[in-house]
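Report on the following structure.
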Amino acid sequence: MTYDPENIFAKILRGQIPAKKVYEDDHVLAFHDINPQAPVHVLVIPKGAYVSIHDFGAKASADEITGFFRAVSKIAAELGLIEPGFRTLSNSGLNAGQEVPHFHLHLFGGRPLGPMLARPPAP
Ligand code: AMP
C-alpha cells in the first residue's frame with residue numbers, strides 16, 4: 001500500500017484538522033481518539049509517512065523507532081496507566097479493519113479491558 005498524504009492523521013499532523021493533543025516531540029504526536037473505546041483512548045502516531053506498523057518497522061530509522069517507543073512509555077506514565085495497567089493495539093490491513101492508513105498505536109486504559117479479542121461472529 002502506498003502512503004496517502006490526504007489521510008486524516010496526515011491532515012492532523014499538518015494542522016489542517018484539530019486534535020486533542022496529549023503529547024508531541026520531534027518524532028511523535030499523540031492525541032485523544034475521537035470515538036473512545038475506553039476511559040483513556042489515545043492514538044500515538046509517528047510524524048513520518050508510514051502506512052502501518054509493518055511499514056514503520058521495515059522502513060523507519062532507528063531514531064524514529066526508538067523515539068516512538070520512548071514516547072509511548074512517557075505518555076503511558078504521564079496518563080497514570082503504568083500501575084493499573086493498559087493495552088496497546090495496532091490494526092494493520094484488511095483483516096484487522098485498519099481505517100486510517102497512517103501507522104498508529106491505540107493506547108487504552110482507565111478500566112479493566114476484558115479479553116484481548118472480541119469473540120468472532122457466529123457462523
Ligand atoms: P484503526 O481502525 O485502527 O485505523 O483506528 C482508527 C481510529 O482513528 C479510530 O479509533 C477512530 O475513532 C480514530 N479517528 C478517526 N478520525 C479521527 C480524528 N479526526 N481524531 C481522532 N481520532 C480519529
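Overview of results
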| read-out | value |
| --- | --- |
| Selection of trypsin sites (Lys or Arg not before Pro), region 1-67, meeting DSSP coil and at most 11 other Cβ within 10 Å | ARG14, LYS20 |
| Amide hydrogen neighbours beyond the local backbone of PHE86, cut-off 5 Å, H modeled | none |
| Exposure ranking of ASP26, ASP4, ASP55 by accessible area [1.4 Å probe, largest first] | ASP26, ASP4, ASP55 |
| Pair ILE8, ARG87: separation of 7 Å Cα→Cβ label points (nm) | 2.1 nm |
| Average projection area in nm² (convex hull over Cα atoms of the chain, one quarter of hull surface) | 8.5 nm² |
| Förster-model FRET efficiency, 25 Å R0, GLU99 and ALA122, C-beta, rounded to 0.05 | 0.55 |
| Low-density loop cleavage sites - chymotrypsin sites (Phe, Trp or Tyr not before Pro) in region 1-46, where at most 12 other Cβ are within 10 Å (DSSP) | none |
| Rg to Rh, two decimals, where region 68-123 supplies the alpha carbon set and Rh follows Kirkwood | 1.03 |
| Largest-first principal axis extents, alpha carbons of region 1-68, Å | 32, 25, 22 |
| Accessible area in square angstrom per residue, the chain, 1.4 angstrom probe | 63 Å² |
| Solvent-accessible area, 1.4 Å probe, carbon plus sulfur percent, for the chain | 57 percent |
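The values are calculated or read from the model by the stated rules, or taken from the named source; none is laboratory data. From a predicted model like this one, the values you see are computed outputs, not experimental measurements. Don't worry about glycine lacking a Cβ; one is built from the backbone with ideal geometry, like all the others, and counts go over all protein chains shown. To get the accessible areas, we keep the full protein, side chains included, count just its heavy atoms, and leave off ligands, DNA and RNA. Shrake-Rupley method; radii C 1.70, N 1.55, O 1.52, S 1.80 Å.
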